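Q: Below you will find the structure I want to go over with you.
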Amino acid sequence: MTGKRARKGQPPARPPRRRPGWLRPHAAYVFLWAILVHAAFLLGSPDRAEPASALLFGDSIQYLLQARALVEGTPFNEGLPFHPPATAWLLAPLWLLSKDVAVVSLAAKALMVLANAGTYALFFLLARERLPHAFWICLLLPLNFGELLLSSAVTNEAVYRLLLAVLLLLGTRLPLLAGVVHALATLTRAEHLFLGLALLAIGLARPAWRRTALATAVPALLLVAAHTLWTARGIADYNRRHAAELAEPLPTLVPVSIYGPLNFALAQSGPDVHFSRAALPPLPGGETTLEPRFAPHNRFLLHGYSIGVERIVRRPLRFLARTGEKLWHSGKAAAFGWTALDLPKTRLWTRQPVDMGSAEAPIYHGFALLLIAAGAWRLRRERLFLAVGGGLLAYRLLVNVVFFPYLRSVAVVSPFYLALLLAGLALPFHRAAGRVLAGLLLVLSLVHFATAPRARRYLASGERDAAGVLIDDKLVLVKVSDD
């Protein structure tokens, strides 16, 4: 055909143009499938119209209250920046649609479902050329019980990891846009500022990357600086109003959150490795709430980093032992079961303070870590994939070691280590691996959709206050009622 066209003076036929990867429908399939899986889980949840979840109680209520304060134009926490603002910005329009807490809570969880589904779709685009059977693996990801929990409550982790996926997809393209996304990521999770500065240092050290690094850094730093100046006004106003009550004025230039020093000190001082304010002296009335005007609390807010370092230096062996304990506990983020039943684990979960609930299963925990190692070995030739994913995982584990070992914090990179786990599971099956993963998807999907939409009831037990109300930032045990 080409020869005949050439003899007749016609130009040779062009080969059919291949559509760009982002136009192919597979990512859309992953996105829509994840919405169905997580929506089914929410449908059967007794707390779907409540701000938080029995199995994930983080800062959900704080973000919703902060968002409502933004809409109403009223100060939140007296203008002090305790929580990063971006998640509240995302939720604020919901309060314009309705003033009903139940409606806003359900809508907020729907946004979390969309954020998680978007993360899986973007992860597929990132991994499809590097991860064998990426499509089947990405369809399995939403069926992980830990992933289901991330859609059961408002968390900044769901928002943050979507922003991370966008940054990875952008790569070195569109540096100005990447800078804006870096700023949003920093205003979602404060520790992203250190990751961003580390990436900037690496970029400046490589002449070929220098221009891109600078073009990315300028909008990111300008936006974070603008937010810092905005919050400085609120902090300065707080210092003026309470000048006679403050042992020391609070620092006015705080990039994202004023909590950093306090949490660092508490992480080195608590009775165990999990979140606790036991190291903070109670208020004169016996209350345990944080009060910057109370001198001991003021000292932790201002000098928490020096307090924490002093306690590490004084007892280095204790710090090393706690580091090992934090890493082992953090590894439980990779050991969540599958479907709404958390298979193959029991349905009795321990929810550490301000974190996700997880069922104790040491054998399954160790098996999951072995599968992740096997998956990494299988993908040993995909050095870039392992380096980027491994680097992000190490970054999240470092945050857990320095602060508290939240499972939700490690779940920021769960698509990466769950993909390795599933790749390790498929390793013995060689050429049949794709069919095995597809069969596993079929079985788990049937179990999930047969059980997830059915109404269930959670029973929670733990420490209660004087009024008999469960204290949610303490250790809580949760199980599913059989009646």
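Q: What are the radius of gyration and Dmax of the range 350-483, computed over its Cα atoms and given in Å?
A: Over the range 350-483's Cα set, Rg and Dmax evaluate to 18.7, 61 Å.
Q: Based on the Cβ-Cβ distance from Thr252 to Leu442, what FRET efficiency comes out when R0 is 56 Å, to the nearest 0.05?
A: 0.45
Q: With charges set only on the Cβ (+1 for Lys and Arg, -1 for Asp and Glu), what does the dipole of the range 287-441 come to about its Cα centre, in debye to the nearest 20?
A: Details: 20 positive and 8 negative charges, 82 e Å.
Magnitude of the dipole: close to 400 debye.
Q: Moving to a separate point now. Run the dipole for the chain about the Cα centre, Lys and Arg Cβ at +1, Asp and Glu Cβ at -1, nothing else charged, and hand back the magnitude in debye, nearest 20.
A: 3080 debye
Q: Further question: ³J(HN,Hα) across the range 287-292 via Karplus (A = 6.51, B = -1.76, C = 1.60, θ = phi - 60°), whole Hz, x for Gly/Pro?
A: 6, 10, 5, 7, 9, x
Q: Follow-up question, since we're still on this one. Taking θ = phi - 60°, what integer Hz values does the Karplus form 6.51 cos²θ - 1.76 cosθ + 1.60 yield along the range 344-355, in sequence order, with x for Gly and Pro?
A: Values, residue by residue: x, 8, 6, 9, 10, 10, 9, 9, 5, x, 6, 9 Hz.
Q: Let me ask something additional. For the range 166-245, compute Rh as the Kirkwood radius over C-alpha pairs and then the Stokes-Einstein diffusion coefficient at 20 °C and 1.002 mPa s; write the answer in µm²/s, rounded to an integer. Mind dumping the intermediate values first?
A: On the way: Rh = 13.8 Å.
Taking Rh from Cα pairs, D becomes 155 µm²/s.
Q: At a probe radius of 1.4 Å, what is the per-residue accessible area of Ile372, in Å² to the nearest 10?
A: Number for this one is 30 Å².
Q: In terms of Cα to Cα distance under 20 Å, which aspartates and glutamates are near enough to Lys332, apart from those fewer than 8 places away along the same chain?
A: Within the straight-line limit of under 20 Å, Lys332 reaches these aspartates and glutamates: Glu147, Glu157, Asp272, Asp342, Asp355, Glu360, Asp473.
Q: Counting only residues 5 or more places away or on other chains, whose amide H sits under 5 Å from the amide H of Met356 once H atoms are built in the peptide plane?
A: The answer is Leu407, Arg408.
Q: Which whole-number value in Å² is the accessible area per residue of the range 409-483, probe 1.4 Å?
A: Result: 51 Å² per residue.
Q: Over the heavy atoms of His303, what accessible area does a 1.4 Å probe trace out, to the nearest 10 Å²?
A: 70 Å²
Q: Once ligands and nucleic acids are excluded and a 1.4 Å probe is used, how much of Ser269 is accessible, expressed in Å² to the nearest 10?
A: Its accessible surface works out to 30 Å², give or take rounding.
Q: If you don't mind, there's one more thing I want to ask. Counting heavy atoms of the protein chains only and a 1.4 Å probe, report the per residue accessible area for the range 90-217 as a whole number of Å². Mind dumping the intermediate values first?
A: Working: 4960 Å² over 128 residues.
In whole numbers, the range 90-217 has 39 Å² accessible per residue.
Q: Sort 29-38, 457-466 by the packing proxy (mean of other Cβ within 10 Å over each peptide's residues), most packed first.
A: 29-38, 457-466
Q: Which net charge results when you count Lys and Arg as +1 and Asp and Glu as -1 among the other residues whose beta-carbon is under 11 Å from that of Thr346?
A: Charge balance near Thr346 sits at +1.
Q: In terms of solvent-accessible area of protein heavy atoms at a 1.4 angstrom probe, what is the ranking of Lys326, Lys474, highest value first?
A: Result of the area sort, largest leading: Lys474, Lys326.
Q: If you place +1 on the Cβ of every Lys and Arg and -1 on the Cβ of every Asp and Glu, how big does the dipole about the Cα centre of the range 182-251 come out, in debye to the nearest 20? Don't skip to the answer; put the middle values down first.
A: On the way: 7 positive and 4 negative charges, 76 e Å.
Rounded to the nearest 20 debye, it is 360 debye.
Q: Also, quick follow-up: Computed from the coordinates I sent, log10 I(q)/I(0) by the Debye sum over Cα atoms at q = 0.08, 0.12, 0.14 Å⁻¹ equals one of [x] -0.64, -1.20, -1.39; [y] -0.52, -1.17, -1.59; [z] -0.47, -1.08, -1.44. Tell me the label.
A: [y]
Q: Another question, then. Work out, step by step, the length gained on full extension between Leu177 and Arg457: first 0.36 nm times the residue separation, then minus their alpha carbon distance; give nm to one decimal.
A: That pair, Leu177 and Arg457, stretches by 96.4 nm at full extension.
Q: Helix by helix through the chain, keep the DSSP H runs that span 15 Å or more along the axis on Cα and average at least 1.0 on Kyte-Doolittle, and give those back in order.
A: What comes out of the filter, once short or polar helices are dropped, is 26-43, 86-97, 101-127, 156-170, 175-186, 192-205, 362-378, 383-402, 414-426, 433-451.
Q: Now a separate question. For Leu229 and Ala467, compute 0.36 nm times the residue count separating them, minus their Cα-Cα distance, and round to one decimal in nm.
A: Working it through step by step, the gained length comes to 81.5 nm.
Q: So which of Lys99/Lys474; Lys99/Lys479; Lys345/Lys474 end up more than 27 Å apart, counting from Cα to Cα?
A: Working: Lys99/Lys474 30 Å; Lys99/Lys479 32 Å; Lys345/Lys474 23 Å.
Flagged as over cut-off: Lys99/Lys474; Lys99/Lys479.
Q: Let me ask something additional. Please list, in chain and number order, the residues 5+ apart from Trp338 or on another chain whose amide H is under 5 Å from its amide H, with Hs placed from the backbone.
A: Correct list: Phe145, Leu343, Lys345.
Q: Please list the non-local residues whose amide H lies under 5 Å from the amide H of Tyr458, H modeled 1.01 Å from N, same-chain partners needing a gap of 5 or more.
A: Under 5 Å from the amide H of Tyr458: Ser481.
Q: Please work out the C-alpha center-to-center distance from the range 301-356 to the range 402-466 and express it in whole Å.
A: 19 Å
Q: Quick one: Cα convex hull volume of the range 42-119, Å³ per residue?
A: Per-residue hull volume (Cα only) is 97 Å³.
Q: Still on this structure, please answer the following. Could you point to the residue in Phe264, Ala247, Ala134 farthest towards the positive end of the chain's charge dipole, with +1 and -1 charges on the Cβ of Lys/Arg and Asp/Glu respectively?
A: In the chain, that residue is Ala134.
The values are calculated or read from the model by the stated rules, or taken from the named source; none is laboratory data. Not measured: the values here are computed from a predicted model. Backbone-built Cβ (ideal geometry, glycine too); neighbour counts: all protein chains shown. Note: accessible area is taken over every heavy atom of the protein model, side chains too, but ligands, DNA and RNA are not part of it. Shrake-Rupley method; radii C 1.70, N 1.55, O 1.52, S 1.80 Å.
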